[in-house]
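Inspection log for the structure reproduced underneath, given as structure tokens.
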Amino acid sequence: MTQMVRRLGNGGRRLVRFRSLGASRAVLLVGVVLIAAQIAGRAGVVAKSFFTGDDYILLVRATEQNLDWGYLFTPHAGRWTPGGLGLAWLLARAGTYHWALVAGVILAIQALASLAVLRMLTVVFGRRPATLLPFAVYLVSPLALAALTWWSAALTTVVPQIAVAMAVTSHVLYQRDGRRIHAVAAILWILTGTFFSLGVALLPLLLFGLTAVWFTEGWGMSAVRQALRAAPVLWTVYASIVLGGGGVHLATRPPQAEWLPGPAAVAGFLWRLIGQTLVTGLVGGPVRWYFARSDYGVALPPAALVVAAWVVVALAVVITVRARRHAAAAWLLLLGYVIVTVAVPTLPDVVQAGEFRGARSELLAGAVPVITLLLGLAFLPLMGEEQPYLRRLPLARALAGVTVLAVVALSAWSSSAYASSLRTQPMRDYLATAARELARTPSSVQIYDTTVPGRLLSAWLGEYRSTARILGPLAGPDLRDVMRHPGPTADAMVFDATGQLRPMAVSAVVVATPKAKPVCYPLSGGRVDVPLSYDLPRRKYTVVLSYTATREALAVFAYGGARVPINLAKGVHVLYLQVVAGGPALRIDSLSPGAGLCVSAVRIGAPVPRVP
């Protein structure tokens, strides 16, 4: 090329520069086309998905609370993510259970993340065709797929991908030209990402490794000292972010009896996370997914694929370490980054969830840009890097291209397997039916609170499985208030397993009836005392009061410190009410003077649809 330029003179130089510029633009154009193809492919999976798991906690909190400091800085499901909570609040207020809106935002965020990763790779490796190889692996990686189908996971993994990629880009630019604007940009990107995921606060550890290995002339401790001396202020700021993020993580973790699982559980978790989920993910796996619930799957790679993936990765490590300068450092940084940013923060969850937690691919979703970068560094030279290879390998380019095509094909298989197993229609139907019921129900109807069926929402959601909280956002303000605080009534309604409103009955825990005739609990001094056969613990109970009154009267239902005013109708009736209380006995007192009252039975339990 140099000889050609000399022969052609200035015109030749302009021609070469023009061709170089054209090739550079072609790489960017192909990258953008690949992003468009990625979004088109992911759109079908995301559109088929729906809210799941702790998405409903996000929705309930967003509809019940104001956008203030208390809301933003209260951890969500044990995670400190004020940025994610803020974005969730805006989307929830824009449309309740509006999955099309959420799906559009998720895809837009993914498009921005892909553009950020393309920018990172072209800055690190240059605008050349080889740069598109690791980028293609990033675009199709199944490790990030499950996070796109889970709103809360997307907020805490896909959004941070943007910050991580841009922070790496800014840091590399600073190492090359020393302009402070790039250092400031790197700090701001890290801080921004930290507001969505505290794991981003650990990114300076990776940046230090990149600097010491690829942007210094020394090795070992000499490279460490050189990196520190070159930018002491920057590394001080970075260290403050790491320590601050660690402090916030420890301060916001929910209290639990044990923080660390036993050695066997740790080993099992690491094997599933790294030995199976990560390693098979590097080659396009896991191919097979396990769906304990119809709307969410975890990686369950076949044993044959695990073995094959280990063989492929081991060969890649051996070949690159022998051929590429600093390839060993890239592989070690990849392993270390996953352990420090993913495995260690997840260990407290392993105490309760067990080693199978390592099969959750969304744990690795936020690390995919870094994994992509480090895979690239194991194979490709940095832009302007001198003598990047220890030896030349025959057919290296052809082999790399075939390998990437194989990874892309296997990734497409894994993604298709996930999409084909995904089922969200039951929850969509349940919410749509409930919305229709609430639209035609006046606020005078007392709808009692029960739980959404377990086949639709996991039991671990606890109080957030309440129909008053899950379905309340679908009702108008007055009816929503009734659902949260239903009053005593003779005609209570409750949601059934399909989302339809049905007349209510009570599945009794305790049934109290008089043991002697007349079949009434004694009325004395305007009150009736009803002993219970069990000393019930304090919780929310639904009570059915069977009574006969000589005339209309007012009274107060008293149980375990709770007092509920009730209206008694003349004749034989039943009265439903909900109360948060407990204890061995209850009382009806403050009865209107002159009214006669016969309480013939009391049933205490949980509301259920009445059997026709």
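The values are calculated or read from the model by the stated rules, or taken from the named source; none is laboratory data. Source: prediction; values computed, not measured. Heads up, the Cβs are rebuilt from the backbone with ideal geometry, glycines too, and the neighbour counts pull from every protein chain shown. Ligands, DNA and RNA are stripped out before the accessible areas are found, and what is left, the full protein with its side chains, is counted by its heavy atoms. Shrake-Rupley method; radii C 1.70, N 1.55, O 1.52, S 1.80 Å.
Taking the listed residues GLY247, GLY268, GLY209, the one that is out of contact with any Leu (no Cβ under 9 Å at 6 or more places or on another chain), surrounded by 14 or more Cβ atoms within 10 Å (Cβ to Cβ) and either among the basic types (Lys, Arg) or in a helix (DSSP H, G or I) (or both) is GLY268, with no other qualifying. Within the stretch 458-488, the set of residues being out of contact with any strand residue (DSSP E or B) (no Cβ under 6 Å at 6 or more places or on another chain), polar (S, T, N, Q) and not in a loop (DSSP other than H, G, I, E, B) comprises SER466 only. When the stretch 602-612 is filtered for residues that are open to solvent by 20 Å² or more (accessible area, probe 1.4 Å) and either within 18 Å of CYS520 (Cα to Cα) or part of a strand (DSSP E or B) (or both), the ones remaining, listed by number, are ARG603, ALA606, VAL608, PRO609. Return only the number of the condition from (1) surrounded by fewer than 16 Cβ atoms within 10 Å (Cβ to Cβ); (2) touching a residue at least 40 places away in the same chain (Cβ under 8 Å); (3) not hydroxyl-bearing (Ser, Thr, Tyr) that ILE35 does not satisfy. Exception for ILE35: condition (1). Look at (1) touching a residue at least 24 places away in the same chain (Cβ under 8 Å); (2) part of a strand (DSSP E or B); (3) open to solvent by 50 Å² or more (accessible area, probe 1.4 Å); (4) farther than 24 Å from ILE447 by Cα and you find that VAL580 fails only one, number (4). Annotation note: Cβ proximity below 8 Å between a residue of the stretch 523-538 that is at pLDDT 90 or above and of a type in the set (Val, Ile, Thr) and a residue that is in a strand (DSSP E or B) and open to solvent by 30 Å² or more (accessible area, probe 1.4 Å) (sequence gap 6+ or interchain) occurs for VAL528/ARG587; VAL530/ALA585; VAL530/ARG587. Give me a count of the residues in the stretch 465-498 that are surrounded by fewer than 17 Cβ atoms within 10 Å (Cβ to Cβ) and of a type in the set (S, T, N, Q). Of the residues in the stretch 465-498, 1 are surrounded by fewer than 17 Cβ atoms within 10 Å (Cβ to Cβ) and of a type in the set (S, T, N, Q). On the given criteria, is TYR296 surrounded by 16 or more Cβ atoms within 10 Å (Cβ to Cβ), touching a helix residue (DSSP H, G or I) at 6+ places or on another chain (Cβ under 9 Å) and within 17 Å of LEU273 (Cα to Cα)? When the stated conditions are applied, TYR296 does not pass them. Among residues of the stretch 146-192 being at pLDDT below 95 and touching a Lys or Arg at 6+ places or on another chain (Cβ under 7 Å), the one that is nearest to TRP289 (Cα to Cα) is LEU148.
A search for C-beta distances below 9 Å between a residue of the stretch 362-377 that is closer than 14 Å to ILE339 by Cβ and any residue that is surrounded by fewer than 24 Cβ atoms within 10 Å (Cβ to Cβ) and of a type in the set (Lys, Arg), counting only pairs 6+ apart in sequence or on different chains, returns LEU363/ARG357. For ALA308, the stated conditions do not hold, so it cannot be described as free of Cβ contacts under 8 Å to residues at least 12 places away in the same chain and either assigned to a strand (DSSP E or B) or open to solvent by 30 Å² or more (accessible area, probe 1.4 Å) (or both). With respect to the conditions (1) in a helix (DSSP H, G or I); (2) more than 19 Å from GLY336 (Cα to Cα); (3) open to solvent by 20 Å² or more (accessible area, probe 1.4 Å); (4) of a type outside the set (Ser, Thr, Tyr), PHE196 lacks only one, and its number is (1). In this structure, ILE109 does satisfy being more than 26 Å from ALA212 (Cα to Cα), surrounded by fewer than 22 Cβ atoms within 10 Å (Cβ to Cβ) and not acidic (Asp, Glu). Here GLY384 fulfils each of the conditions (1) open to solvent by 50 Å² or more (accessible area, probe 1.4 Å); (2) farther than 30 Å from GLN38 by Cβ apart from (2). Across the stretch 517-529, the qualifying residues are those that are touching an Asp or Glu at 6+ places or on another chain (Cβ under 9 Å) and not in a strand (DSSP E or B), and the one among them that is least open to solvent (accessible area, probe 1.4 Å) is GLY526. Cβ separations smaller than 7 Å between residues 6+ apart or across chains give the following pairs from the stretch 414-431 residues that are within 30 Å of PHE495 (Cα to Cα) to residues that are of a type in the set (Lys, Arg) and part of a helix (DSSP H, G or I): LEU422/LYS48; THR424/LYS48. Set side by side, the residues GLY401, GLY462 differ, and just one is open to solvent by less than 60 Å² (accessible area, probe 1.4 Å) and either without any contact (Cβ under 8 Å) to a residue 12 or more places away in the chain or closer than 24 Å to TYR576 by Cα (or both), which is GLY462. Yes or no: ALA562 of a type outside the set (Asp, Glu), surrounded by 14 or more Cβ atoms within 10 Å (Cβ to Cβ), more than 53 Å from the chain's Cα centre (by Cα) and modelled with pLDDT of 90 or more? Against the criterion (of a type outside the set (Asp, Glu), surrounded by 14 or more Cβ atoms within 10 Å (Cβ to Cβ), more than 53 Å from the chain's Cα centre (by Cα) and modelled with pLDDT of 90 or more), ALA562 does not qualify.
Close Cβ contacts (under 9 Å, 6 or more residues apart or on different chains) running from residues in the stretch 108-129 that are more than 15 Å from LEU173 (Cα to Cα) to residues that are surrounded by 18 or more Cβ atoms within 10 Å (Cβ to Cβ) and charged (D, E, K, R) comprise GLN110/ARG42. Within this structure, PRO254 fails the test of being part of a loop (DSSP other than H, G, I, E, B), out of contact with any strand residue (DSSP E or B) (no Cβ under 7 Å at 6 or more places or on another chain) and surrounded by 16 or more Cβ atoms within 10 Å (Cβ to Cβ).
Considering the stretch 30-141, the qualifying helices (runs of 4 or more DSSP H), each wholly inside and each with 2 or more residues that are at negative phi and either touching a strand residue (DSSP E or B) at 6+ places or on another chain (Cβ under 8 Å) or of a type in the set (Val, Ile, Thr) (or both), run over 55-64, 82-94, 99-125, 132-140. In the stretch 499-516, of all residues being of a type outside the set (Gly, Ala, Ser) and touching an Asp or Glu at 6+ places or on another chain (Cβ under 8 Å), the one that is least open to solvent (accessible area, probe 1.4 Å) corresponds to LEU501. Just to be sure before I move on: is TRP219 modelled with pLDDT of 90 or more and not aliphatic (A, V, I, L, M) in the structure I sent? The answer is no for TRP219. With respect to being in contact with a Gly (Cβ under 8 Å, 6 or more places away or on another chain) and either closer than 23 Å to SER466 by Cβ or at pLDDT 85 or above (or both), LEU91 falls outside the description.
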